[in-house]
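A.B. asks: After the structure tokens below, expect a handful of questions from me.
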């Protein structure tokens, strides 16, 4: 009986319409926050889309920063590439989400980097 109830619930959920995707727009830049785990010092880094900056031996490139249309203070997410000097393969390449920084995070022994917000002007 329990299996039948679970199967029925799965069928109901599979037939439910998917949540409507939220419309987003790209920003001209964004703000990241970096933590030096050794010194405990945090730094806010303002970047332009397509721009690069240095953090110690890391080079951070922001490819895009997006936010919900009509809500610039809403949940931002940025496409980043983070590489260490002398390394061909990036340490991180992908999207970071402001509201869930641990979901897709940079794994580095010294630095943590996460998205704070997109800049709109």
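A.B. asks: Give me the residue from the stretch 30-44 that is in a strand (DSSP E or B) and free of Cβ contacts under 8 Å to residues at least 60 places away in the same chain and, out of that set, surrounded by the most Cβ atoms within 10 Å (Cβ to Cβ).
C.D. replies: 43
A.B. asks: Working only within the stretch 45-66, note down all residues that are within 22 Å of residue 87 (Cα to Cα) and not in a strand (DSSP E or B).
C.D. replies: Hits for the stretch 45-66 are 50, 51, 56, 57.
A.B. asks: For the stretch 67-103, how many residues are part of a loop (DSSP other than H, G, I, E, B) and surrounded by fewer than 18 Cβ atoms within 10 Å (Cβ to Cβ)? Quick ask: steps written out before the conclusion?
C.D. replies: Of the stretch 67-103, the ones part of a loop (DSSP other than H, G, I, E, B) are 69-76, 85-91, 98-103.
When the remaining residues are screened for being surrounded by fewer than 18 Cβ atoms within 10 Å (Cβ to Cβ), the result is 69-75, 85-91, 99-103.
Selection size over the stretch 67-103: 19.
A.B. asks: Quick one: in the stretch 53-66, which of the residues that are surrounded by 18 or more Cβ atoms within 10 Å (Cβ to Cβ) and over 11 Å from the mean Cα position of the chain (by Cα) is farthest from residue 30 (Cα to Cα)?
C.D. replies: This residue is 58.
A.B. asks: Also, quick follow-up: For residues that are at positive phi and over 11 Å from the mean Cα position of the chain (by Cα), tally how many sit in the stretch 79-108.
C.D. replies: So the answer is 1.
Where a number appears in this text, it was derived from the coordinates with a stated rule and is not lab data. Predicted, not measured: the structure shown is a model, and the values here were computed from it. Ideal geometry is used to build each Cβ from the backbone, glycine not excepted, and the neighbour counts take in all protein chains shown.
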